[in-house]
């Protein structure tokens, strides 16, 4: 049975290139301090699925997560499970739940709809996008440049999953993560969803910028040492309340075999109001 749980927020990247995760720039934009990454907030909402479903979640889990307001380093939070469906639909093989993350003494800051895919879908196929150079200068993330990337295509970037990565844990005490991560060593949601952020930020210079929402689907667990490539396409660009948003689709593959591990629809503010 999927259960509620309580944790303490952890900002793994206070010195990130995206300075919204550092106190100084975050406070300049009216926040109390550096923001815990949206991909880490997402990991907290997926934690009950990883605990209850284990490998099944890593191989066929689907999650829609919305981050509506900030979570700060060392804030205690509760993840409350709403409408768990595994009992009601057990005879049909359905599993899933809705969840809400509530920081101590504050309003809910994020929500999730998590379920296990009932049928095995065909995973995306690798296109073979042109590899990007992480050391190359980037174009600024203006609307004009983002439109150009949408038309001409984005560069692909590679990453390696291992226990030394800065996003290899979503809690300060690694042992308190779900066992499939802490003992199994498989890639955690902070890292997997993080690839969508990193590929986006490696195609255009954005600072600061804010991760808002993802819809992700897992196709296979990612073992230690796996070298990955993320391919991205921009699906939409729009303005809302003075912020400039991007919707992008990022698919993650094994570099050697081209096996697809995950597909992620990302929504982010690439240019904050006032910049």
- Simple spin-label estimate for residue 207 and residue 106 in nanometres, 7 Å along Cα-Cβ: 2.5 nm
- Projected-area mean, the range 93-242, by convex hull of Cα positions, square nanometres: 12.0 nm²
- Span from the the range 185-204 Cα centroid across to the the range 4-67 one, whole angstrom: 12 Å
- Query: Say R0 is 30 Å: what FRET efficiency, to the nearest 0.05, do residue 150 and residue 32 get from their beta-carbon distance?
  - Reply: 0.30
- For 62, 67, order by how many other beta-carbon atoms lie within 10 Å, fewest first: 62, 67
- Rounded to one decimal in nm, the spacing of the 7 Å Cα→Cβ label points at residue 247 and residue 140 is 2.7 nm
- For residue 119 and residue 83, compute 0.36 nm times the residue count separating them, minus their Cα-Cα distance, and round to one decimal in nm. 10.8 nm
- Looking only at the range 14-45, which residues have a backbone nitrogen under 17 Å from a spot 7 Å from the Cα of residue 3 in the C-beta direction? 45
- Query: Taking 0.36 nm per intervening residue step and subtracting the Cα-Cα distance, what contour gain separates residue 238 from residue 55 on full extension?
  - Reply: 62.2 nm
- Query: In deg cm²/dmol and to the nearest 500, what is the mean residue ellipticity at 222 nm of the chain if only DSSP H runs of at least 4 residues count, each as -39500 (n - 2.57), divided by the residue total?
  - Reply: -6000 deg cm²/dmol
- Quick one: compute the contact order of the chain, relative version, from alpha carbon pairs under 8 angstrom and 6+ residues apart, as a percent. 20 percent
- Query: Of all the Cα-Cα pairs you can form in the range 23-141, what percent are over 17 Å apart?
  - Reply: 66 percent
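Please sort 209-222, 139-152 by packing, taking for each peptide the average over its residues of neighbouring beta carbons within 10 angstrom, highest first.
In decreasing order of mean packing, 209-222, 139-152 become 209-222, 139-152.
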- Relative to the present Cα-Cα distance, how much length would full extension add between residue 17 and residue 179 at 0.36 nm per residue of separation? 55.3 nm
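At 25 °C and a viscosity of 0.890 mPa s, what translational diffusion coefficient does Stokes-Einstein give for the range 161-241, taking Rh as the Kirkwood radius over Cα pairs? Give it in µm²/s as a whole number. Mind dumping the intermediate values first?
Values: Rh = 14.5 Å.
Calculated translational D: 169 µm²/s.
Bear in mind these aren't lab numbers, they're just calculated from the coordinates by the rules spelled out. In this text the structure is predicted, and so the values were computed from the model without any measurement. Don't worry about glycine lacking a Cβ; one is built from the backbone with ideal geometry, like all the others, and counts go over all protein chains shown.
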